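Novice: This is the structure I have questions about; it appears just below.
The values are calculated or read from the model by the stated rules, or taken from the named source; none is laboratory data. Keep in mind that what you see is a predicted model, and the values were worked out from it rather than measured. Here the Cβ is made from the backbone with ideal geometry for all residues, glycine too, and neighbour counts use every protein chain on show. Just the protein is used for accessible areas: all its heavy atoms, side chains included, with ligands, DNA and RNA removed. Shrake-Rupley method; radii C 1.70, N 1.55, O 1.52, S 1.80 Å.
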Amino acid sequence: MMNNKSKILFTLTLIINLMSCKAQTLPLNTPFLDIPNGAYVKDTNNELNPYIGTYKTNFEGKEITLFITKQEHKLEESSLKNYYMDALVIKYIVRNSSGTILQDTQNNNSDIASIFSISTEPSENTVTFIYRGTNCNVGFGSIKLKKLNSTQISWEYRPNDITTTAAKCPPTLDTTIYLPETKDLIFTKQ
């Protein structure tokens, strides 16, 4: 049985241990296998900040607006581990030539059509993103943005096998990919 002094000492030791337990902080681009469970992959050099903003372009009769924000401590969950990271998140609106909205993800809080950064290449001024695709993950793939100057970024989107994925989706769901499937498309900051 513990006496009062022992209880106080035990409690103080526990509090000190809890206060000193901090998740390990790692820099961006730490390889996935090197990230321990519960770690924080932080944008220590502000590599993501130059991309933040609203950008617009026109492509094949559509106006595409990107809303790029930085999310700190974004939870990444996988079957192997959970960790936190700083990431850029892209929300977007695609309008046809008459101004009708074809797709708007600004208020999207689900994984459908979500786009978030997974790595940077500072020497090339690029950020690579994962696009989770539309319904049934149609269009899942990578997007690369390259910072050209203070007001322009270049876009490259490479989707996966669209026809095989779409064939597995119920016909009632929209499996259209509204994002521009192209390389070297220039977006201008608004």
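Novice: Inside the stretch 80-101, can you point out the residues that are of a type in the set (S, T, N, Q), over 25 Å from residue 46 (Cα atoms) and in contact (Cβ under 8 Å) with a residue 24 or more places away in the chain? Show your work before the answer.
Specialist: Going through the stretch 80-101, the residues of a type in the set (S, T, N, Q) turn out to be 82, 96-98, 100.
Then drop every residue that is not over 25 Å from residue 46 (Cα atoms), which leaves 96-98, 100.
Within the stretch 80-101, 96, 97 meet the criteria.
Novice: Do you know which residues across the stretch 102-124 are free of Cβ contacts under 8 Å to residues at least 60 places away in the same chain, more than 18 Å from residue 181 (Cα to Cα) and either touching a strand residue (DSSP E or B) at 6+ places or on another chain (Cβ under 6 Å) or of a type in the set (S, T, N, Q) (or both)?
Specialist: 106, 107, 108, 109, 110, 118, 123 - these are the residues of the stretch 102-124 that are free of Cβ contacts under 8 Å to residues at least 60 places away in the same chain, more than 18 Å from residue 181 (Cα to Cα) and either touching a strand residue (DSSP E or B) at 6+ places or on another chain (Cβ under 6 Å) or of a type in the set (S, T, N, Q) (or both).
Novice: Restricting attention to the stretch 127-145, and to residues there that are under 14 Å from the mean Cα position of the chain (by Cα) and among the hydroxyl-bearing types (Ser, Thr, Tyr), which single residue is surrounded by the most Cβ atoms within 10 Å (Cβ to Cβ)?
Specialist: Keep residues of the stretch 127-145 that are under 14 Å from the mean Cα position of the chain (by Cα), which gives 127-133, 140-145.
Next, only the ones that are among the hydroxyl-bearing types (Ser, Thr, Tyr) stay: 128, 131, 142.
Numbers: 128: 14, 131: 22, 142: 16.
Looking at residues that are under 14 Å from the mean Cα position of the chain (by Cα) and among the hydroxyl-bearing types (Ser, Thr, Tyr), I get 131.
Novice: Let me ask something else. In the stretch 101-113, what residues are open to solvent by 10 Å² or more (accessible area, probe 1.4 Å) and either of a type in the set (A, V, I, L, M) or not in a loop (DSSP other than H, G, I, E, B) (or both)? Step through it out loud before you land on a result.
Specialist: From the stretch 101-113, those open to solvent by 10 Å² or more (accessible area, probe 1.4 Å) are 101-104, 106-112; that's our starting set.
Of everything in the stretch 101-113, those that are open to solvent by 10 Å² or more (accessible area, probe 1.4 Å) and either of a type in the set (A, V, I, L, M) or not in a loop (DSSP other than H, G, I, E, B) (or both) turn out to be 101, 102, 103, 104, 112.
Novice: Here is a follow-up. Quick one: what pairs do we get from the stretch 166-190, first residue under 19 Å from residue 63 (Cα atoms), second open to solvent by 70 Å² or more (accessible area, probe 1.4 Å) and not in a strand (DSSP E or B), C-beta under 9 Å, 6+ apart or different chains?
Specialist: Close Cβ pairs satisfying both conditions: 180/60; 182/60; 186/148; 189/150.
Novice: Can we say residue 76 is surrounded by 14 or more Cβ atoms within 10 Å (Cβ to Cβ), part of a strand (DSSP E or B) and either in contact with a strand residue (DSSP E or B) (Cβ under 7 Å, 6 or more places away or on another chain) or touching a residue at least 12 places away in the same chain (Cβ under 8 Å) (or both)? It would help to see each step written out before you state the result.
Specialist: Numbers: surrounded by 14 or more Cβ atoms within 10 Å (Cβ to Cβ): yes; part of a strand (DSSP E or B): yes; either in contact with a strand residue (DSSP E or B) (Cβ under 7 Å, 6 or more places away or on another chain) or touching a residue at least 12 places away in the same chain (Cβ under 8 Å) (or both): yes.
Answer is yes for this residue.
Novice: Next question. Please indicate, with yes or no, whether at least one residue in the stretch 23-37 is over 30 Å from residue 97 (Cβ atoms), touching a residue at least 60 places away in the same chain (Cβ under 8 Å) and out of contact with any Ser or Thr (no Cβ under 9 Å at 6 or more places or on another chain).
Specialist: The first filter runs over the stretch 23-37 and keeps only residues over 30 Å from residue 97 (Cβ atoms), leaving 23-37.
Retained after the next criterion (residues that are touching a residue at least 60 places away in the same chain (Cβ under 8 Å)): 23, 28-29.
Subset that is out of contact with any Ser or Thr (no Cβ under 9 Å at 6 or more places or on another chain): 23.
Looking for residues that are over 30 Å from residue 97 (Cβ atoms), touching a residue at least 60 places away in the same chain (Cβ under 8 Å) and out of contact with any Ser or Thr (no Cβ under 9 Å at 6 or more places or on another chain), one finds at least one in the stretch 23-37, hence yes.
Yes/no matrix, rows are residues, columns are (1) surrounded by fewer than 13 Cβ atoms within 10 Å (Cβ to Cβ); (2) in a loop (DSSP other than H, G, I, E, B); (3) modelled with pLDDT of 95 or more:
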site: 45; (1), (2), (3): yes, yes, no
site: 70; (1), (2), (3): no, no, yes
site: 80; (1), (2), (3): yes, yes, no
site: 99; (1), (2), (3): yes, yes, yes
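Novice: Sticking with this one: Which of the residues belonging to the stretch 47-68 are part of a loop (DSSP other than H, G, I, E, B) and either over 30 Å from residue 102 (Cα atoms) or aliphatic (A, V, I, L, M) (or both)?
Specialist: Those that are part of a loop (DSSP other than H, G, I, E, B) and either over 30 Å from residue 102 (Cα atoms) or aliphatic (A, V, I, L, M) (or both): 47, 48, 52.
Novice: Would you check if residue 57 is at pLDDT 95 or above and open to solvent by less than 60 Å² (accessible area, probe 1.4 Å)?
Specialist: Considered against the rule, which asks whether it is at pLDDT 95 or above and open to solvent by less than 60 Å² (accessible area, probe 1.4 Å), residue 57 comes out as yes.
Novice: Before we move on, is residue 94 modelled with pLDDT of 95 or more, over 10 Å from the mean Cα position of the chain (by Cα) and more than 24 Å from residue 28 (Cβ to Cβ)?
Specialist: Details: modelled with pLDDT of 95 or more: yes; over 10 Å from the mean Cα position of the chain (by Cα): yes; more than 24 Å from residue 28 (Cβ to Cβ): yes.
For residue 94, the condition - modelled with pLDDT of 95 or more, over 10 Å from the mean Cα position of the chain (by Cα) and more than 24 Å from residue 28 (Cβ to Cβ) - is met.
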